[in-house]
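A.B. asks: Handing you this structure, nothing more for now.
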Amino acid sequence: MPRWILFLLMFAIAATVLGGVHFYIYRRLVVAPDLPAPWSTVGRMVVIALAVAIPLSFVLTRMVSNNVAKYFVYPVFIWLGLMLMFFFLLLGLDLLRGLFWAVTKATGQSELLADPDRRLLLARTMAGASVGTVLSAGAIGVAHGLGKLAVKRVEVTLPRLPRELDGFTIVQLTDLHLGPMRHRGWMAEVVRRVNKLKPDLVAITGDLVDSSVAQLADDVAPLKSLTAPQGVFFVTGNHEYFADVTSWLEHIPKLGMRVLRNERVTIRRGGPRSPAFDLAGVDDHEGRRFAPGHGADIPKSMKGADPNRAVVMLAHQPKAVLEACRHNVGLVLSGHTHGGQIWPWRYLVYLQQPYVDGLHLHKGTQIYVSDGTGFWGPPIRLGSTAEITQVVLRSPTT
């Protein structure tokens with residue numbers, strides 16, 4: 001399917017969903033409380049403007065520079081986060097109201113909700129409480145989302161890892177989402193903090209960028225300064241395919257990174273006969289939908305692998321572990337989920353991914369899912385923390 005048709009299809013679906021969510025919010029915050037004139041009109045116009053602003057901002061970010069885009073993207077994307085919070089909170093309150101109605105009807109006390117004045121008071125109380133709760137949580141979430149990165153240290157005992165490689169350190173970055181809201185200065189600070197950890201190897205597991213090479217060449221430039229004796233490696237995420245993957249795959253090696261595309265390399269600390277493990281990397285799962293010859297191919301990456309050698313696999317989406325566990329992979333490093341980013345979104349992520357965050361064991365294969373180094377969309381984090389992940393490999397023989 002041509003990229004422009006796929007983009008239009010996804011845009012139409014997203015616009016329909018956004019329209020429905022905004023209509024629901026309008027009904028609960030403007031219509032149900034029966035706001036007096038002119039506030040009812042003002043409320044309707046504000047909700048319409050906010051609904052239109054979201055898809056419009058996505059279009060405009062592809063037409064103007066990031067220095068210009070940031071001025072309208074920040075407020076629009078903050079609203080996107082607040083919108084999700086309003087939707088989940090109001091839906092939860094409606095479910096509770098429906099449960100209360102069912103109980104009163106079953107107990108013969110349905111007259112409790114029959115009084116129009118009582119119903120109006122309930123609607124206004126729900127609306128007021130929702131606005132206060134969401135604005136307060138949103139302010140906390142923005143402060144957390146734009147706050148300092150955490151360095152999360154994770155020790156993983158890796159079967160078949162030689163004793164000589166015990167303590168080998170991989171620093172994982174993922175989901176940086178450089179674009180209108182994350183720029184060169186932030187990227188330079190991330191690089192400084194990674195280098196301070198003195199890793200043996202750096203792995204970037206996709207979703208590095210949200211715009212084209214032309215827009216972001218200067219913002220990604222600090223990545224040239226990453227230092228790791230065993231190299232810096234990269235695998236694609238789904239957002240690289242949204243942002244012209246061909247151009248990025250040509251540009252990324254110029255930053256001193258090696259792109260792993262369904263392949264495997266040997267990692268050693270010493271000479272050619274020194275103890276080693278294998279580092280495999282696969283394309284993003286969605287790649288085949290966007291570009292011929294792309295998409296995760298785990299069997300190809302593991303073809304000819306020594307069954308006695310430990311394997312660490314880089315794969316953007318956690319679902320890769322479902323197949324990796326059948327190919328003698330010891331550890332998968334993933335991202336994609338952002339740890340849910342805004343609670344309770346994490347529970348919906350489970351509909352697509354087997355794991356949302358943290359270290360897990362899946363049929364003999366361990367997987368670590370990072371909360372992500374940046375954020376996508378709303379600069380808000382609730383229930384998740386942006387991280388630089390320091391993975392320390394441990395040998396079972398020490």
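A.B. asks: Determine if region 96-114 includes at least one residue that is out of contact with any Gly (no Cβ under 9 Å at 6 or more places or on another chain), touching a residue at least 12 places away in the same chain (Cβ under 8 Å) and buried (at least 17 other Cβ atoms within 10 Å of the Cβ).
C.D. replies: no
A.B. asks: While we're on this one: Return yes or no: is Ile204 closer than 28 Å to Thr169 by Cα, modelled with pLDDT of 95 or more, out of contact with any Leu (no Cβ under 7 Å at 6 or more places or on another chain) and buried (at least 20 other Cβ atoms within 10 Å of the Cβ)? Lay out the reasoning, then the answer.
C.D. replies: On the way: closer than 28 Å to Thr169 by Cα: yes; modelled with pLDDT of 95 or more: yes; out of contact with any Leu (no Cβ under 7 Å at 6 or more places or on another chain): no; buried (at least 20 other Cβ atoms within 10 Å of the Cβ): yes.
Here the answer is no, as Ile204 does not meet what is asked.
A.B. asks: Can you confirm whether region 305-318 contains a residue that is more than 30 Å from Trp79 (Cβ to Cβ), surrounded by fewer than 20 Cβ atoms within 10 Å (Cβ to Cβ) and free of Cβ contacts under 8 Å to residues at least 24 places away in the same chain? Break it down into steps so the answer makes sense when it comes.
C.D. replies: So the first thing to find is which residues in region 305-318 are more than 30 Å from Trp79 (Cβ to Cβ), and the list is 305-315.
Those still in the list that are surrounded by fewer than 20 Cβ atoms within 10 Å (Cβ to Cβ) too: 305-309.
Narrowing the set further to residues that are free of Cβ contacts under 8 Å to residues at least 24 places away in the same chain leaves 307.
Scanning region 305-318, I find at least one residue that is more than 30 Å from Trp79 (Cβ to Cβ), surrounded by fewer than 20 Cβ atoms within 10 Å (Cβ to Cβ) and free of Cβ contacts under 8 Å to residues at least 24 places away in the same chain, so the answer is yes.
Rundown of residues vs (1) touching a helix residue (DSSP H, G or I) at 6+ places or on another chain (Cβ under 8 Å); (2) among the aliphatic types (A, V, I, L, M); (3) over 21 Å from Gly147 (Cβ atoms); (4) outside any loop (DSSP other than H, G, I, E, B), yes/no style:
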residue: Asn328; (1), (2), (3), (4): yes, no, yes, no
residue: His336; (1), (2), (3), (4): yes, no, yes, no
residue: Gly339; (1), (2), (3), (4): yes, no, no, yes
residue: Leu351; (1), (2), (3), (4): no, yes, yes, no
residue: Leu359; (1), (2), (3), (4): no, yes, yes, yes
residue: Phe375; (1), (2), (3), (4): yes, no, no, no
residue: Pro378; (1), (2), (3), (4): yes, no, no, no
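A.B. asks: Here is a further query. For region 240-314, which fully contained strands (runs of 3 or more DSSP E) count at least 1 residues that are assigned by TED's automatic domain parsing to the domain that holds Leu226 and among the acidic types (Asp, Glu)?
C.D. replies: Of the strands (runs of 3 or more DSSP E) lying wholly inside region 240-314, those with at least 1 residues that are assigned by TED's automatic domain parsing to the domain that holds Leu226 and among the acidic types (Asp, Glu) span 263-268, 276-281.
A.B. asks: Moving on to the next point. May I ask you to verify whether Leu351 is surrounded by fewer than 24 Cβ atoms within 10 Å (Cβ to Cβ) and either at pLDDT 95 or above or among the acidic types (Asp, Glu) (or both)?
C.D. replies: no
A.B. asks: Scan region 208-231 for residues that are of a type in the set (Ser, Thr, Tyr) and closer than 19 Å to Arg193 by Cβ and report the count.
C.D. replies: Of the residues in region 208-231, 2 are of a type in the set (Ser, Thr, Tyr) and closer than 19 Å to Arg193 by Cβ.
The values are calculated or read from the model by the stated rules, or taken from the named source; none is laboratory data. This structure is a prediction, so every number in the text was calculated from the model and none was measured. With ideal geometry, Cβ positions are generated from the backbone for all residues, glycine too; neighbour counts draw on all protein chains shown.
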